[in-house]
Amino acid sequence: MGNQVLVTSELHDYMVDHGMPLDAVARALVEETHALGGVSEMLTTADQAALLTMLTRLVSARRAVEIGTFTGFSALAIARGLPDDGRLICLDISAEWTSIGRRYWEKAGVADKIDLRIGDAHASAAALPVGEPLDLAFVDAEKPGYIDYFEQLVPRLRPNGLLLFDNTLAGGRVVGVHEHDPVDRKEFNAHIAKDERVDVVMLGIGDGLTLVRKR
């Protein structure tokens, strides 16, 4: 087994600086989100944002969905990876948090690619037409809902399409038993690992990012 590098905050910053560093718009959005306080822990990391943009381009995505938009940082990253005629549907319950994202989408010139739908994301996902296949989906919403989101999205995804689920390592607590045990993540990870419709890879980026390819 090869050696594994412990990614310190200093090394993380180095990796971001030598990859796809944030531009002025993205940095301003991150700073405004951090100013919100504790809730900012829901923010996607900079390296994840770069990966989202790259993966969107790699799968040549034109039709994408995001479930759990928060202040719009990950949506900005995905939209930037879409072609001019691409479309990102964002499903979120909060008009307050997503209103922050709207301002930065406008500044970045990608607002016309994003269709924000406020409401219960489970109902919104179920309402997505099966006959209009998705190329890519990113899920960063309430963790007990992950299995339902997975089951809603797989039939709507084209073959070789990509699903991404955030926070699947739960700070490492998916291993062992803990006082605040992430049962939801453990159940989700086990559920998709045995599903023969997909291939699954878990990455140790951020708090765990799971890539799911539809066969």
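The values are calculated or read from the model by the stated rules, or taken from the named source; none is laboratory data. What you see is a predicted model, and the numbers here were worked out from it, not measured in a lab. Cβ sites come from the backbone with ideal geometry, for glycine too, and all protein chains shown count toward neighbours. Keep in mind that these areas ignore ligands, DNA and RNA; they rest on the heavy atoms of the full protein, side chains included. Shrake-Rupley method; radii C 1.70, N 1.55, O 1.52, S 1.80 Å.
Values for this structure:
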quantity: Estimated inter-spin distance, Glu142 and Asn3, nm [label 7 Å along Cα→Cβ]; calculated: 4.5 nm
quantity: The stretch 139-215, Cα convex hull volume normalised per residue, Å³; calculated: 80 Å³
quantity: Stretch in the chain that is longest and holds no GluC sites (Glu not before Pro) that DSSP places in a loop and that have at most 12 other beta carbons within 10 Å; calculated: 1-178
quantity: Modelled FRET efficiency - R0 25 Å, Ser40 with Glu132, Cβ distances, 0.05 increments; calculated: 0.15
quantity: In the chain, lysine pairs with alpha-carbon atoms under 25 angstrom apart (chain gap of 8 or more, or interchain); calculated: 7
quantity: Over 15 Å [Cα-Cα, the stretch 17-102], rounded percent; calculated: 57 percent
quantity: Estimated distance in nm for a label pair at Ser94 and Glu106, the labels positioned 7 Å out from Cα along Cα-to-Cβ; calculated: 2.0 nm
quantity: Listed residues Val16, Gly101, Leu36: farthest to the positive end of the dipole of the stretch 1-117 (Cβ charges); calculated: Gly101
quantity: Å² per residue, accessible surface of the stretch 1-41 at 1.4 Å; calculated: 79 Å²
quantity: Rounded percent of accessible protein surface that carbon and sulfur make up, the chain, 1.4 Å probe; calculated: 55 percent
quantity: Which labelled figure in (i) 0.94; (ii) 1.10; (iii) 0.98 is Rg/Rh (Cα atoms, Kirkwood Rh), once derived from the coordinates; calculated: (i)
quantity: Rg to Rh quotient for the stretch 153-194, alpha carbon positions, Kirkwood Rh; calculated: 1.08
quantity: Computed helical MRE - 222 nm, the chain, DSSP H runs ≥ 4 contributing -39500 (n - 2.57), nearest 500; calculated: -11000 deg cm²/dmol
quantity: Net charge dipole size for the chain [Lys, Arg +1 and Asp, Glu -1 on Cβ; Debye, nearest 20]; calculated: 720 debye
quantity: Probe 1.4 Å, accessible area per residue of the stretch 61-169, Å²; calculated: 36 Å²
